[in-house]
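Below you'll find the structure, written out as structure tokens, and then a few comments.
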Amino acid sequence: MLILRALLAVFFSIATMIGCASIHVPAQLGPSGCLADRALIGTWSDARLTQLGPVWEHVTFTSDCRVRFSAQLLFFHVSKESRFVTAHGEVVIAEPGGRERRVPYRIDGDRLWWTDAPGEVITYRRR
């Protein structure tokens, strides 16, 4: 989510200048094995107010270990696709350059608690 927020900040100023913008970050494939928590598979959504205004987020985890992040703001849309695995209560996401991002998570019923940064927990609901 930190990458998403950085992208949002950069493209918000561009979007306000041109009125509307759309960006798609292509998939960066990482881990080859698929070790995924079955409870995580599906689409999760959240809508909230941010410093940039309202945002509607969707995160979709598939059984072939692909994840798609999508955020819609008033003037633009950002999406990113990658590969993921789960291990020890963390989602491990492949990042560009062979890096990986580890995000602690917890599922309780139809809610996904996603710890994006220390002290920043986003609660998604299953769609």
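Can you tell me which residue in the range 93-111 is farthest from Gly42 (Cα to Cα), limited to those that are surrounded by fewer than 18 Cβ atoms within 10 Å (Cβ to Cβ) and in contact with a Lys or Arg (Cβ under 7 Å, 6 or more places away or on another chain)?
Of everything passing the filter in the range 93-111, Glu95 is farthest from Gly42 (Cα to Cα).
List every residue pair whose Cβ atoms lie under 6 Å apart, where the two residues are 6 or more positions apart in sequence or sit on different chains, the first residue falls within the range 61-73 and is closer than 11 Å to Asp37 by Cα and free of Cβ contacts under 8 Å to residues at least 40 places away in the same chain, and the second residue, located anywhere, is in a loop (DSSP other than H, G, I, E, B) and not basic (Lys, Arg).
Once the first residue is closer than 11 Å to Asp37 by Cα and free of Cβ contacts under 8 Å to residues at least 40 places away in the same chain and sits in the range 61-73, its partners that are in a loop (DSSP other than H, G, I, E, B) and not basic (Lys, Arg) give Phe61/Ile41; Ser63/Ile41; Cys65/Cys34; Cys65/Ala36.
Taking the condition β-branched (Val, Ile, Thr), surrounded by 17 or more Cβ atoms within 10 Å (Cβ to Cβ) and over 11 Å from the mean Cα position of the chain (by Cα), does Val85 pass?
Judged against the criteria, Val85 is a match.
Does the range 17-32 include one or more residues that are at positive phi, modelled with pLDDT under 95 and in a strand (DSSP E or B)?
Within the range 17-32, none of the residues are at positive phi, modelled with pLDDT under 95 and in a strand (DSSP E or B).
The values are calculated or read from the model by the stated rules, or taken from the named source; none is laboratory data. None of the values given here were measured: they were computed from a predicted structure. Heads up, the Cβs are rebuilt from the backbone with ideal geometry, glycines too, and the neighbour counts pull from every protein chain shown.
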